[in-house]
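All remarks here apply to the structure that follows.
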Amino acid sequence: MDIQFYGAARTVTGSKHLITVNGTRILLDCGMFQGKRQESFEQNRQFPFDAKSIDLLILSHAHIDHSGSIPNLVKQGFQGDIICTAATRDLCATMLPDSGFIQERDAEFINKQARRKHERNGHPFTPVEPIYTYDDAMACLQYFTTRNYYREVKIAPGVTLTFHDAGHMLGSAIVQLHIEDHDTNREITLVFSGDLGRKGIPIIRDPDTLTRADILIMESTYGNRVHEPYWDSSQKLEQVIIETYKRGGVVIMPAFAVGRTQQLVYTLHELMQKGDIPEIPIYVDSPLAVNATAVFQLHPECYDDEIRQFMQENRDPFGLNSVQYVRSVEDSKRINFERQPCIIISASGMAEFGRVLHHLKNRITEPQNTILITGWQAPHTLGRRLVEGVDVVRIFGEEYPRKAQVEVLNGFSGHAGQDELLAWVGAMTHRPQRTFLVHGEEDAAMAFKTSLEQAFNLRVDVPVTGQKFSV
Ligand SMILES: [Zn+2]
């Protein structure tokens with residue numbers, strides 16, 4: 001059996017790991033690289049393998065850095081099954097077409113810039129095509145096929161698949177493959193952690209612990225950092241809102257439309273209901289977030305006990321009176337005239353594109369406002385620069401002095417911290433013979449490699465892109 005790592009190798013985005021066993025080529029995730037626009041555009045355009053040669057795709061969860069290249073894979077000739085949970089499929093049905101729109105706009109932007117440059121130089125200009133379009137994304141959905149958690153299913157000769165709950169986002173799965181390797185006559189349990197969540201985050205269940213892995217492919221996003229508990233962040237959220245309210249300011253939260261937005265709305269709902277924060281308007285300004293919230297409502301099978309209880313008493317956890325879900329551009333622009341304290345939750349989560357940029361541009365120069373960061377911020381993004389405390393930011397090509405406060409809450413992270421990752425491996429009674437760390441920047445992955453070696457004496461590799469292992 002071979003494993004080859006094509007993405008999320010010494011970086012976080014672009015998850016793609018190819019397993020070749022018994023003549024079947026199984027791709028684990030098919031994510032997009034995210035980062036600098038031009039660089040990601042090149043990386044995402046071509047696959048380092050022939051899309052037609054892949055037999056099956058197993059998708060751990062719907063986040064774009066795991067699912068975002070699926071429309072391109074199908075466009076380039078993949079025709080196998082895409083296997084995931086029902087919630088992941090339904091989230092992809094709104095997220096991938098939305099990503100198609102973004103790809104179309106990205107290509108327009110790149111073409112506009114290139115055209116200007118070529119006109120200045122007097123060179124002929126050839127426009128680039130989008131990596132994929134809205135229509136390509138719609139077309140790939142027919143290849144999705146769903147499996148529930150804990151249902152073992154045969155997917156290829158000698159290979160059965162079981163999904164366990166990864167506790168990271170709605171529908172997220174740990175992938176367990178039971179493999180009878182016909183070349184070596186060995187039976188192997190291969191576990192791919194996907195993105196591993198944390199205990200106690202709202203809405204979804206805690207990550208499952210597994211008892212056995214012979215081969216482990218594991219994420220390491222926070223391999224070198226411990227998070228504060230969710231509860232502490234929830235209390236800080238309360239403080240930040242109260243302080244901003246007293247200053248007469250607005251709280252802007254750049255947030256992923258899927259997952260983080262729903263968690264924040266649910267947490268704010270709880271805080272308002274207990275009277276811990278004032279009842280001020282909350283705007284969820286992202287059409288994708290509105291669609292995704294509808295998908296959350298369709299999948300109570302993924303909920304934890306706490307939200308089930310909450311629903312018995314309050315019915316809709318995402319629909320309190322003060323929340324206004326904003327779809328249209330006109331309604332989004334209207335928020336600019338809101339001068340009373342309010343909360344604006346808007347995508348993108350790293351403030352790289354999307355409507356949140358308009359809100360930041362509009363309010364970042366006013367000291368009474370707060371920008372509240374609740375998620376991991378990739379290098380070179382505006383979100384990362386805000387976390388680093390820059391005083392001047394560039395938005396839509398213009399510079400603005402940052403006068404608004406910036407607050408960072410790590411406890412809302414959907415990813416396990418270093419201690420939680422270690423505990424997850426520690427809970428196995430049969431620990432892996434080979435471990436491959438993916439989905440972490442090099443520092444984080446290397447630090448976690450050392451932790452695993454010291455704690456459990458494991459054999460750990462941190463693959464580079466394209467590296468192949470025979471196991
Ligand atoms: Zn994820």
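The values are calculated or read from the model by the stated rules, or taken from the named source; none is laboratory data. Bear in mind that the values here come from a model prediction, so they are computed numbers and not experimental data. So basically every Cβ, Gly included, is an ideal-geometry build from the backbone, and we count neighbours across all protein chains shown.
Return yes when residue 238 is under 15 Å from residue 407 (Cβ atoms) and not in a strand (DSSP E or B) and no when it is not.
Working: under 15 Å from residue 407 (Cβ atoms): yes; not in a strand (DSSP E or B): yes.
Taking the combined requirement at face value, the residue satisfies it.
Screening residue 218 against (1) in a strand (DSSP E or B); (2) within 25 Å of residue 27 (Cβ to Cβ); (3) more than 16 Å from the ligand (Cβ to nearest atom) leaves a single unmet condition, (3). Selection over the stretch 167-205 of residues that are within 15 Å of the ligand (Cβ to nearest atom), within 19 Å of residue 154 (Cβ to Cβ) and either β-branched (Val, Ile, Thr) or touching a helix residue (DSSP H, G or I) at 6+ places or on another chain (Cβ under 6 Å) (or both) gives a count of 2. Residues of the stretch 371-426 that are within 16 Å of the ligand (Cβ to nearest atom), aliphatic (A, V, I, L, M) and surrounded by fewer than 22 Cβ atoms within 10 Å (Cβ to Cβ): 378 alone. When residue 243 is tested against (1) in a loop (DSSP other than H, G, I, E, B); (2) at pLDDT 95 or above, only condition (1) is not met.
Yes/no per residue for (1) within 26 Å of residue 377 (Cα to Cα); (2) among the β-branched types (Val, Ile, Thr):
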site	(1), (2)
7	yes, no
10	yes, no
19	no, yes
30	yes, no
39	yes, no
47	yes, no
56	no, no
80	no, no
83	no, yes
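Only strands (runs of 3 or more DSSP E) whose full extent lies in the stretch 1-70 are considered here, and the ones with at least 2 residues that are surrounded by 19 or more Cβ atoms within 10 Å (Cβ to Cβ) and of a type in the set (Phe, Trp, Tyr) are 2-7. Per the conditions (1) away from the ligand (no atom under 16 Å from the Cβ); (2) in a helix (DSSP H, G or I), the sole criterion not satisfied by residue 99 is (1). Within the stretch 137-164, track down each residue that is within 23 Å of residue 69 (Cα to Cα) and either of a type in the set (Lys, Arg) or within 16 Å of the ligand (Cβ to nearest atom) (or both). 147, 163, listed by residue number.
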